[in-house]
Structures are given as structure tokens and as C-alpha cells.
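Notes follow once the structure below has been shown.
All of the numbers you see were taken from the coordinates with simple rules; none came from a lab. This is a predicted model, so every value here is computed, not measured. Virtual Cβ from ideal backbone geometry, glycine too; neighbours counted across all protein chains shown.
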Amino acid sequence: MFWQASTYQPRDWSHCFGYLLGVLILAIPYATWQITYYGNLVPNTFYVKAGTPLWLRLESGTYYLKDYFIRPPFLPILTCISLGYSLKKRSWNSRLTYLTLLVSAYLVFIFLVGGDHMQSYRLLLPVIPLMSGLFTTALSLTLESSRKVTITLITLSVLMLSSLQLWDKTLNPQKEDPATSVGTIVGKYIEFAWPAGSLVALNTAGSTPYYAGSHTFIDMLGLNDPIIAKRVIENVELPLQKIPGHLKGDGKYVLSRQPDYIILGPGEGTDATQPWYLSDLELSRDPLFHRDYAVHRIRLDRNGNEVSGGGLIFTYYERINHQEE
């Protein structure tokens, strides 16, 4: 029979409550700390990404999962084949159902939040062990242990497909992320060139602040700023806003903080006439920005030192001190 591999066994519900209690002992203190420290149960990144219009999340989520599925070792495809074979052979049990629901629920969640833009499909890392377990469980229910040749061939094939990951530049990037390398150069420069304690508004709020610890930063994309993260954005005005985590911004809020310096666009900065993100666009439209800030361009070497020729062109805006005029 189809469900022959599954047998019902009465369970001791005290075990289930014991597992639940173990989870709560860890989860409740952590959730309490999050609410006390951050003011929210979920991080800003949730509001930045989940606050994206549904159509955009579904579009980017579809691309994210599709792009992963066609990468070696093609684990989702292999898993679907093994499940289809299990159905054909009528070898299905409750464990297979449980793992299938777990994997499906996680993939649906990633689809609904719109995936990610970072390297190597990091959001899918937690589901890879579950999917691998689902794949091997399905095979173990359909292949007899005596068929050692078949099992060996499948094992060798999976290992060969897994080795292809080493040559896939998306899964195994060969070069440093441009935002990281450029942000490092800029961070090293402003750490020593700008007055300590300066307030800096920028979009590359990872590598640059890491190397400029004596300053305070405003993340104009909202990943580290609760005000921008919770702003509701319905329209997409710039192409780069479609990248997951890059939709939001708030030019008026940034100006209200009166930052000493503003770096528009990428890590090396750009002119206000070429906005990359929403905060850039709104600042470029605000007459107060053009009144209160002056543009500067310098060249930096790889160590963040200012040079007269060559190197990285760093563009930034500095606040004009009207009190001294």
C-alpha cells in the first residue's frame, strides 16, 4: 500500500512539552533582550526587506530561487527527482512528509521576503542540510540496500556535482566585493582626515564605518536606522531600488539630523545629479541640501591616503557652517 512505510505509534506528549520548554527557555530571554535593547522583536533588516511592495518581493524572490536552483550541485532539482521517484514507488512515510513540509515552508518564506542580494545565497544556508536529509531519506526508501552499484553511482554523481561549486563564481566568488574594498579605502581616509565624532550619512554602512570607528553614521538605506527602515515606500523611482534591501530612504530625515558629511550613492560617492538610491534622489531635490552642503572630490590610494593623481575618486558633501559666515 501507498502508506505502508508509515506506521502510527502513540507518542508521549510530555516529550513534546519538554522540547517546547527547552525552546522557550532560550527564546524568551533572547526576545526580551531584543525588545529591551532594540525596541523591536525583529531587526531593522526585516522592516527594510519585508516592507517592500509585494510585487517587487515576488519578482526578486522568484529570481533568487531560480538562480540558486540552476547552480551546482542542483540540490533542489535532485530532491524533486527523488521525491517524484518515491511517489512512483509508493514508498512514502511520515518522516518524508515532515521534511518536505519543513523545506517547502522555508523556501516559501524566502520567496515571500524577496531573497537577498549578497553573495553565495546566504539565506538558503539553513535549508541545505534539511534538503540534503530529504534527498537521502527519499532515496533510502526507494533503493534497496542490496543495490550497492546504484547507490555508489548516485553518491559519486552527487560528489561530482558538488565539486562544480568550486568553479561557480556566484557560489565561490574569486574577487573581493567592490563595496567592501572601496568602503575600506574610504573608511581609512575619513577615520584620520575628518574630525573625530563627525556625523556621516552614507549608503555603504558596513565596511566604511568598520574602519572609521571614531565617527557616527546614518545608514541612508535604513538597515541600521529604525526611522528609515519603517518608512512605507510604495513607488520605485530608481533602478537600484529593486535590489533587495535598497528600496528605502528618507532625504528629509537625513537633513534633519544635520550630518557633517554626506556620501551619496556607492562607497566612493557620486554627484547629486546622479542619484543611486532614494535618499540620494530626495536630497538632490531638496533646496536645503544644495544650500547647506558643498561638494568635494579627492583621490585616494589603496591605503586611504590622499594623492594628487590616479587612485580612487572620492566624492562627498560637507556641511557649510553658516555661523562662521
(message) Can you return the lysines within cross-link range of LYS148? Criterion is Cα-Cα under 30 Å, with same-chain partners fewer than 8 residues away left out.
(response) LYS88, LYS89
(request) Return the FRET efficiency for the residue pair VAL149, ARG297: r is the Cβ-Cβ distance, R0 is 56 Å, and the value is rounded to the nearest 0.05. (result) 0.25
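At a 10 Å Cβ-Cβ cut-off, how would you order MET131, MET220, MET160, fewest neighbours first?
Working: MET131 20, MET220 31, MET160 11.
Fewest-to-most Cβ neighbours within 10 Å comes out as MET160, MET131, MET220.
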(request) Pop a pseudo-label 7 angstrom from the Cα along the beta-carbon direction at both LEU240 and ILE28 and give the gap in nm to one decimal. (result) 4.6
(request) Under 16 Å Cα to Cα from LYS248, which aspartates and glutamates show up? Leave out anything in the same chain fewer than 8 places away. (result) ASP116, ASP219, ASP225, GLU234, GLU237, ASP280, GLU282
(request) Multiply the residue separation of SER308 and THR62 by 0.36 nm, subtract the distance between their alpha-carbon atoms, and state the gained length in nm to one decimal. (result) 83.9 nm
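Under a Cβ-only charge scheme (Lys and Arg +1, Asp and Glu -1), can you give me the dipole magnitude of the chain about the Cα centre, in debye to the nearest 20?
So the magnitude is around 1760 debye.
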(message) Calculate the FRET efficiency for SER140 and PHE69 from the Cβ-Cβ distance with a Förster distance of 30 Å, rounded to the nearest 0.05.
(response) 0.80
(message) Could you tell me the center-to-center distance, by alpha carbons, between region 274-295 and region 73-94 in angstrom?
(response) 54
(request) Using label points projected 7 Å from each Cα along Cα→Cβ, tell me how many nm separate ARG122 and TYR85, to one decimal. (result) 3.5
(message) If you split all Cα-Cα distances of region 178-324 into 10 Å bins from zero, what percentages do you get per bin, shortest first?
(response) 12, 45, 35, 8, 0
(message) Counting only helical runs of four or more DSSP H residues, what would the 222 nm mean residue ellipticity of the chain come to if each run contributes -39,500 (n - 2.57) and the total is spread over all its residues?
(response) -15500 deg cm²/dmol
(message) Under 21 Å between alpha carbons, and skipping anything fewer than 8 positions from LYS242 in its own chain: which lysines qualify?
(response) LYS49, LYS66, LYS230
(message) Which residue, ILE243, GLY183, SER256, has the largest displacement toward the positive end of the dipole of region 178-324 when charges sit on each Cβ (Lys, Arg +1; Asp, Glu -1)?
(response) ILE243
(message) So I have (i) 16.6; (ii) 22.7; (iii) 17.9, and one of them is mean projected area of the Cα convex hull in nm² calculated from this model. Which one is it?
(response) (ii)
(request) Name all residues of region 280-307 having a backbone nitrogen under 17 Å from the label point set 7 Å from the Cα of SER256 along its Cα→Cβ direction, giving them as ranges. (result) 280, 282-283, 286-289
(request) Would you please state which residues of region 61-99 a label at MET160 would reach in this model, taking the label point 7 Å out along Cα→Cβ and a backbone N cut-off of under 20 Å? (result) 70-82
(request) Would you work out if region 260-325 is rounded, prolate or oblate? Take a ≥ b ≥ c from the square roots of the eigenvalues of the alpha-carbon gyration tensor; rounded if a/c is under 1.5, else prolate when a/b is larger than b/c, oblate otherwise. (result) oblate
(request) Give the Cα extents of region 42-167 along the principal axes, in whole Å, largest first. (result) 53, 36, 22
(message) With 10 angstrom as the radius, rank LYS175, LYS89 by how many other C-beta atoms surround their C-beta, starting from the fewest.
(response) LYS175, LYS89
(request) At 7 Å along the Cα-to-beta-carbon direction for both GLN274 and TYR106, put a label point, then send me their distance in nm to one decimal. (result) 4.1
(message) Hydropathy at least -0.5 by Kyte-Doolittle, axial extent at least 30 angstrom from the Cα trace: which helices of the chain, defined as entire DSSP H runs, fit?
(response) 13-38
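Compute the relative contact order of the chain as a whole-number percentage, counting only Cα pairs closer than 8 Å that sit 6 or more residues apart in sequence.
Result for the chain is 16 percent.
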(message) Neighbour counts of other C-beta atoms within 10 Å: give me CYS16, CYS80 arranged from fewest to most.
(response) CYS16, CYS80
